[in-house]
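Chemist: Questions regarding the structure given below will be posed in turn.
The values are calculated or read from the model by the stated rules, or taken from the named source; none is laboratory data. Predicted model, so just to flag it, every value in this text is computed and none were measured. Neighbour counts are summed over all protein chains in view; Cβ atoms, including those assigned to glycine, are modelled from backbone coordinates with ideal geometry. The area values use the complete protein model at the heavy-atom level, side chains included, leaving out ligands, DNA and RNA. Shrake-Rupley method; radii C 1.70, N 1.55, O 1.52, S 1.80 Å.
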Amino acid sequence: MTLTRRTLALGCLLALAAAAPAHAQGNYPQRPIKVLVPFPAGGGTDNLARLVGTKLTDAYGWSIVVENKPGAGGNLALDQTAKAPADGLTLVMAQTDNVVLNPLLYSKLTYNPDKDLRAVALVAAGPAVLVVNADSPYKTLDDIIQAAKKDPGRLSFATPGTGTISHIISEAWQKSSNVKFTHVPFRGMAQAMPDLLGGRIDMYMGSIPTLLSHIQSGKVRALGVTTARRSHLLPSVPTYPESGIKGVELASVWGVMAPAGTSDAVVRQLNEAINKVVNAPDTAKKIADSGAELITGTPEDMAKLYASDRARLAPIVKSSGTTLD
């Protein structure tokens, strides 16, 4: 073989070697991708997971299987993801309640979200909203603060459960405004609503998607949302900061996570694909219509956001004495 032919042959081999990783990445996924949801079917987290899965299938032809695995405040699904093979074929639709709060509420977890899971892509964020019975004498957040100061502990603050983002926000509010409420945990909005409408509890905090129809029907009155900006679905409802209440700006943040050992190439491909389908106009509209706000970014953006929220909430959880062990 002449020098020229040997050089050409070597060049071909090097080109094939360089192309191999890209080709392997291009073949991902070779099997269906399972997306675990830490909560039952029909909720906000489940709806987001199914929306993103459907759009990934439409755009890339990927087979996405959404599997609900509720229990232990979301820990079962995150634990299963953390212990799954790191091949990008098992993902979880995580959220603030389980990734940020659970490490602060449980003294012992079977997984470490920082070491055993890897951020992949942000999807959405949504504020909580405080509502009262339509016949309630409280018309503003300040009305509630003044009533609580006159009679500490008398007003009942209901939430979807102990340790939920709504509960921790209530603790932040009490600390910020130097008031005292009596926390009444329910298993969800459906269980709390009869007591709110019947006047047996004074107020309830939950997500906009679960409460929107009740607000629009006039059964309950919305007094405040917990983010810095007003909700586009509730433009007349002020934010907590607008009402002079600081330290309560917080939203539930949803994002996709994978086992910690998942390769950079697969994480990049997933991040690009999820960002693309989430930013599509029809997907963005569906997310907005649900009461959430579209957010995207890099895996690093997602990890930093969760870490920042946990650092901010850690002293609030500690001072409240709330645990879930």
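Chemist: Just round it to a whole percent: the fraction of Cα-Cα distances in segment 47-137 exceeding 16 Å.
Modeler: For segment 47-137, the fraction of Cα-Cα distances above 16 Å is 63 percent.
Chemist: Carbon and sulfur: what percent of segment 41-133's accessible surface (1.4 Å probe)?
Modeler: C and S atoms contribute 51 percent here.
Chemist: In square angstrom, rounded to the nearest 10, how much accessible surface does residue 323 have for a 1.4 Å probe?
Modeler: Approximately 90 Å² of residue 323 is accessible to the 1.4 Å probe.
Chemist: Still on this structure, I have one more. Give me a comma-separated list of calculated 3J(HN,Hα) values for segment 131-147, in order, Karplus coefficients 6.51, -1.76, 1.60 applied at θ = phi - 60°, integers in Hz, x for any Gly or Pro.
Modeler: Values per residue, Gly and Pro as x: 10, 10, 4, 4, 8, 5, x, 8, 9, 9, 5, 5, 4, 5, 4, 5, 5 Hz.
Chemist: OK, next. Just to verify a number: what accessible area does residue 183 come out at with the full protein assembly present, 1.4 Å probe, Å² rounded to tens?
Modeler: Here the accessible area works out near 50 Å².
Chemist: In nanometres, what is the gap between the two model label sites at residue 323 and residue 175, each 7 Å from Cα along Cα-to-Cβ?
Modeler: Taking the two extended label points, one gets 1.8 nm.
Chemist: Which order do the peptides 259-268, 89-98 take when ranked by the mean count of other beta-carbon atoms within 10 Å per residue, highest first?
Modeler: Taking the mean over residues of other Cβ atoms within 10 Å, the ranking is 89-98, 259-268.
Chemist: Which whole-number percent of Cα pairs in segment 223-303 have a distance greater than 21 Å?
Modeler: The answer is 45 percent, as a whole percent.
Chemist: A further question follows. Please work out how much length the chain gains when fully extended from residue 228 to residue 63, using 0.36 nm per residue of separation minus the C-alpha to C-alpha distance, in nm with one decimal.
Modeler: Length difference between fully extended and current span is 55.6 nm.
Chemist: Then there is this: Running a GNM on the chain with Cα contacts under 10 Å, which residue among 221, 187, 118 ends up with the highest mean-square fluctuation?
Modeler: Maximum fluctuation in the GNM of the chain, among the listed residues, is at 187.
Chemist: Got a sec? What order do 135, 46, 58, 301 fall in by accessible area at 1.4 Å, biggest, i.e. largest, first?
Modeler: Sorted descending by solvent-accessible area, the residues read 135, 58, 301, 46.
Chemist: Write down the Å³ per residue value for the convex hull defined by the alpha carbon atoms of segment 158-212.
Modeler: 79
Chemist: For a Förster distance of 30 Å, can you work out the FRET efficiency between the beta-carbons of residue 195 and residue 109, rounded to the nearest 0.05?
Modeler: So the FRET efficiency works out to roughly 0.40.
Chemist: Which shape class applies to the chain: rounded if a/c is under 1.5, otherwise prolate when a/b exceeds b/c and oblate if not, where a ≥ b ≥ c are the square roots of the Cα gyration tensor eigenvalues?
Modeler: prolate
Chemist: Going toward the positive end of the dipole of the chain, with +1 on Lys and Arg Cβ and -1 on Asp and Glu Cβ, which of 133, 66, 113 do you reach last?
Modeler: 113
Chemist: What are the equivalent ellipsoid semi-axes of segment 209-259, built from the alpha-carbon gyration tensor (square roots of five times its eigenvalues), in whole angstrom, biggest first?
Modeler: Value: 23, 18, 8 Å, ordered largest first.
Chemist: Counting only protein chains, not ligands or nucleic acids, how are 62, 173 ordered by accessible area (probe 1.4 Å), most first?
Modeler: I get 62, 173, largest accessible area first.
Chemist: Could you give the dipole magnitude of the chain about its Cα centre, charging the beta-carbon of Lys and Arg +1 and that of Asp and Glu -1, in debye to the nearest 20?
Modeler: Dipole size: approximately 260 debye.
Chemist: Probe of 1.4 angstrom, ligands and nucleic acids ignored: what's the accessible area per residue over the chain, in square angstrom?
Modeler: Spelled out: the 1.4 Å probe surface of the chain, per residue, equals 46 Å².
Chemist: Over all directions, what mean area does the Cα convex hull of segment 268-325 project, stated in square nanometres?
Modeler: Across all orientations, segment 268-325 yields a mean hull projection of 5.9 nm².
Chemist: Suppose we look only past 19 Å in the calculated P(r) of segment 130-223. What percent of the Cα-Cα pairs does that tail hold?
Modeler: 33
Chemist: Starting from 0.36 nm per residue, how many nanometres of slack lie between residue 312 and residue 183 once their C-alpha separation is accounted for?
Modeler: Once the chain is fully extended between residue 312 and residue 183, it gains 44.3 nm.
Chemist: Quick one: if you take sqrt(5λ) for each eigenvalue of the C-alpha gyration tensor of segment 73-229, what semi-axes come out, biggest first, whole angstrom?
Modeler: They are 33, 17, 13 Å, listed from largest to smallest.
Chemist: On the full set of protein chains, 1.4 Å probe, figure out the accessible area of residue 324 and give it in Å² to the nearest 10.
Modeler: Probe radius 1.4 Å; accessible area of residue 324 about 50 Å².
Chemist: In bins 10 Å wide, starting from 0, what share of all Cα pairs of segment 178-284 does each bin hold, as a percent?
Modeler: Over segment 178-284, the share of Cα pairs per 10 Å bin runs 11, 30, 29, 19, 10, 1 percent.
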